[in-house]
Amino acid sequence: MSLIKDSRLKKIIKNTGFVTVLTGSGISAESGIHTFRGDNGLWSKFSPDELASFEGFYKNPARVMEWYEYRRNVILKAKPNPGHFAIAEIEKYVQNFYLITQNIDRLHQKAGSRNVIELHGNIMENYCIKCGKMFSLEEFEKIYNESSDRIPKCECKGLIRPNVVWFGEQLPEDAVEKAYYASVNCDLFIIVGTSGAVRPASDFPRYAKYNGAYIIEVNPCRSFLTDFVDLWFEGKAGEILPEFVEEFKNLKGING
Ligand code: BJW
Ligand code: ZN
């Protein structure tokens, strides 16, 4: 049974040279990484005020760093799933392709995606809140493991924190600019595995729609975005996306 039945969508896929994808934690769920919201989400067990805000970090840096160390260890063991690989494949068949991700796990890059815009940073890097020095994972681990109080500090004595975006913090300006460009210029915008609860990430599909793009969503559950999309594939990314890519390739006349 085919997924792509809408004749408008078929025409867009045949002709398009510009596709943008927005992903959230749901795409990594099948790789064993927790999502945030819902019954089994991280926010059902942990407080975002304590663990994903600067105030929480400043109050208890050791606790926040411990939580990120735990999550980094889960992420380092995880492998990309068929959903990640399918997205990496679409990039090969269109001239302009942008992948906007809210994820910090770098699994898209591991799957071979190249043009990735990280809206919320990544968990592999850390930086000093005083002088801004960036630390690679290797450099960070050395400092962290040698710190007796489990509060890693820079040479300048500033606290070191993960290079991720917490609530109330600005997103990286270059990432927002690129994501805006990718949204207003694409013909097809595919949303995968996000609840759409967090702004400004959830604004990008709206910019795309206002500028005439066709919007697809892949999610086993309704999200805050489902009501406005053109087509909702109700299912898991790792099951829907590989099938979608096969049909996408057929429509574009790409064989094998
Ligand atoms: C599957 C699946 C499968 C499961 N296949 N799918 C306007 C109004 C009100 C508030 C605000 C506003 N503008 C900004 C704000 C504040 C705030 C915000 O949006 N709050 C809302 C919650 C109300 N935004 C911010 O603070 C942002 N900064 C900002 O706007 O700066 C300017 C500013 C500053 C000060 C004041 C005002 C403006 C920053 C947001 C940073 C978010 N950070 C986090 C943590 C990152 C680091 C870390 O990982 O530790 O980012 S929070 C968390 O949420 C994480 C995620 O990237 C993000 C989005 O979550 P996501 O990925 O959508 O996950 P879930 O769990 O929500 O959804 C998973 C989905 O997958 C579900 O739908 C499942 O069904 C689905 N799924 N299995 C496909 N197999
Ligand atoms: Zn420093």
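Any idea which of Asn126, Asn73, Asn122 is more than 30 Å from Leu188 (Cα to Cα), within 16 Å of ligand 1 (Cβ to nearest atom), polar (S, T, N, Q) and assigned to a strand (DSSP E or B)? Don't jump to the end; show me each part of the working.
Details: Asn73 fails: assigned to a strand (DSSP E or B); Asn122 fails: more than 30 Å from Leu188 (Cα to Cα).
Going through Asn126, Asn73, Asn122 in turn, the sole match is Asn126.
Residues of segment 127-182 that are touching a Leu at 6+ places or on another chain (Cβ under 8 Å) and not charged (D, E, K, R): Cys128, Ile129, Ile151, Pro152, Val165, Leu171, Pro172, Ala175, Val176, Ala179.
Of the residues making up segment 199-222, those that are crowded, with 21+ Cβ neighbours inside 10 Å, within 17 Å of the chain's Cα centre (by Cα) and part of a loop (DSSP other than H, G, I, E, B) number 1.
Residue by residue, here is whether (1) within 12 Å of ligand 1 (Cβ to nearest atom); (2) of a type outside the set (Phe, Trp, Tyr); (3) within 19 Å of the chain's Cα centre (by Cα); (4) part of a helix (DSSP H, G or I) holds:
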position	(1), (2), (3), (4)
Gly56	yes, yes, no, yes
Trp67	yes, no, no, yes
Pro80	no, yes, yes, no
Phe85	no, no, yes, yes
Glu89	no, yes, yes, yes
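Kindly provide the set of residues from segment 180-199 that are small (Gly, Ala, Ser) and either on the phi > 0 side of the Ramachandran plot or in contact with a strand residue (DSSP E or B) (Cβ under 9 Å, 6 or more places away or on another chain) (or both), ordered by number. Quick ask: steps written out before the conclusion?
Applying the first criterion (small (Gly, Ala, Ser)) to segment 180-199 yields 182-183, 193, 195-197.
Listed by number, the residues that qualify are Ala182, Ser183, Gly193, Gly196.
Do we have any residue at all in segment 80-93 that's in contact (Cβ under 8 Å) with a residue 12 or more places away in the chain, exposed (fewer than 15 other Cβ atoms within 10 Å of the Cβ) and of a type outside the set (Ser, Thr, Tyr)? No - not one qualifying residue is present in segment 80-93.
Among the residues of segment 107-120, write down those that are surrounded by fewer than 19 Cβ atoms within 10 Å (Cβ to Cβ) and in contact (Cβ under 8 Å) with a residue 12 or more places away in the chain. Correct list: Lys110, Gly112, Arg114, Asn115.
Can you find a residue that is over 20 Å from Gly196 (Cα atoms) and of a type in the set (A, V, I, L, M) anywhere in segment 115-123? Give the derivation first.
Filtering segment 115-123 down to residues over 20 Å from Gly196 (Cα atoms) leaves 115, 123.
Among the residues that remain, those that are also of a type in the set (A, V, I, L, M) are: 123.
Looking for residues that are over 20 Å from Gly196 (Cα atoms) and of a type in the set (A, V, I, L, M), one finds at least one in segment 115-123, hence yes.
Among the residues of this structure, Ile13 does not count as one that is part of a loop (DSSP other than H, G, I, E, B), away from ligand 1 (no atom under 13 Å from the Cβ) and surrounded by 13 or more Cβ atoms within 10 Å (Cβ to Cβ).
Looking only at segment 150-182, residues that are away from ligand 1 (no atom under 15 Å from the Cβ), over 30 Å from Asn211 (Cβ atoms) and not charged (D, E, K, R) come to 7 in all.
Let me confirm something: among Glu155, Glu173, Glu177, which residue is out of contact with any strand residue (DSSP E or B) (no Cβ under 8 Å at 6 or more places or on another chain), within 16 Å of ligand 2 (Cβ to nearest atom), of a type in the set (D, E, K, R) and at pLDDT 95 or above?
Values: Glu173 fails: within 16 Å of ligand 2 (Cβ to nearest atom); Glu177 fails: within 16 Å of ligand 2 (Cβ to nearest atom).
Glu155 is the lone residue from the list that is out of contact with any strand residue (DSSP E or B) (no Cβ under 8 Å at 6 or more places or on another chain), within 16 Å of ligand 2 (Cβ to nearest atom), of a type in the set (D, E, K, R) and at pLDDT 95 or above.
Scan segment 227-238 for residues that are near ligand 1 (Cβ under 9 Å from one of its atoms) and either surrounded by fewer than 16 Cβ atoms within 10 Å (Cβ to Cβ) or of a type in the set (A, V, I, L, M) (or both) and the total you get is 2.
Within segment 149-175, the set of residues being outside any loop (DSSP other than H, G, I, E, B), out of contact with any Gly (no Cβ under 6 Å at 6 or more places or on another chain) and among the hydrophobic types (A, V, I, L, M, F, W, C) comprises Leu159, Ile160, Phe167, Ala175.
The values are calculated or read from the model by the stated rules, or taken from the named source; none is laboratory data. Since the model is a prediction, treat every value here as computed from it, not as a measurement. All Cβ positions, even for glycine, are placed from backbone atoms using ideal geometry, and neighbour counts span all protein chains on display.
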